[in-house]
Amino acid sequence: MLSATAALASEGMQTDWSLSPTYNTIMSVAAGAGLVTLVWFIRDLWVKRERNIEGYAFAFGVLGFILTATGLHMTLTWPIKGLPWDNIIFGETSLGFGVLLAATSWYLWRRREDLRTTDNPVRTLADLVRPISLFVFGLGLALVGIGIAGLWYQFFVAPAEEPISGLFADYPIVEAIFMSGLFFLIALGALLFPWAVKREAVAGRPSTLHRVAGGAWVLGGLGFFLFGAMNFFTHIGLIFNTHVPS
């Protein structure tokens, strides 16, 4: 089945990019960094005596602002006209994650001294986020839906005019498997989240459950981080190759 993106590519893609701004590059880098940093933060709370609460609050605040601002704009305005599903896939998920990171930043800054001195900061945070774990689980279900849609419709394929990624324009299943796989990895961590923050789950050292969830977020986060960084080149190349001269 030929995807919509590949069909556009086969016709010789020409786009007025001023009518379809795209910034899922910075969103991908920020989301990937946020997932990895979140796992680093929990690991440091569990194993380190010196707790750099302010540093993590600063990091989550920066990343949360980027994701909330860009995700909110993409969710409300649908700026990507040619690939409208991207507004849902990247906009709504970035908005949800961005607000969670921003709220985490605010809480960490306010309670930094308490978290630095408490015997079990992981349990303190687990008690805090347990009520919101249902929303995190819901985001996990949404990511599963996105991953299935990516495999079903194969819309993640890049057009032939895009450097590197465009090499697979005739094989849409390749990028569909890669991108959907990243969404499935992050979904796994989100779906395990409600059980990972149970009071009895954080009484001692990290369990297999925590390692699986954390590992899924690190792998998925690194994938989005590196792919987003690469797309700063490939998206510029796509725009250069397909823009409509004024």
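The values are calculated or read from the model by the stated rules, or taken from the named source; none is laboratory data. On a predicted model such as this, the values are computed, not experimentally measured, just so you know. Heads up, the Cβs are rebuilt from the backbone with ideal geometry, glycines too, and the neighbour counts pull from every protein chain shown.
For segment 136-157, indicate whether the set of residues that are within 24 Å of residue 224 (Cβ to Cβ) and over 21 Å from the mean Cα position of the chain (by Cα) is non-empty. Quick ask: steps written out before the conclusion?
In the first step, residues of segment 136-157 are kept if they are within 24 Å of residue 224 (Cβ to Cβ); the result is 136-157.
Remaining after also requiring over 21 Å from the mean Cα position of the chain (by Cα): none.
Among the residues of segment 136-157, not one is within 24 Å of residue 224 (Cβ to Cβ) and over 21 Å from the mean Cα position of the chain (by Cα), which makes the answer no.
Give the residue that is modelled with the lowest pLDDT, with candidates limited to residues of segment 197-238 that are under 18 Å from residue 129 (Cβ atoms) and among the charged types (D, E, K, R).
It comes out as 200.
Return yes when residue 93 is under 22 Å from residue 78 (Cβ atoms), hydroxyl-bearing (Ser, Thr, Tyr), in contact (Cβ under 8 Å) with a residue 12 or more places away in the chain and part of a helix (DSSP H, G or I) and no when it is not.
Working: under 22 Å from residue 78 (Cβ atoms): yes; hydroxyl-bearing (Ser, Thr, Tyr): yes; in contact (Cβ under 8 Å) with a residue 12 or more places away in the chain: yes; part of a helix (DSSP H, G or I): yes.
The answer is yes for residue 93.
Got a number for residues in segment 53-90 being in a helix (DSSP H, G or I) and charged (D, E, K, R)? Break it down into steps so the answer makes sense when it comes.
Step one: filter segment 53-90 for residues in a helix (DSSP H, G or I), giving 53-77, 85-90.
Checking which are charged (D, E, K, R) leaves us with 54, 86.
Selection size over segment 53-90: 2.
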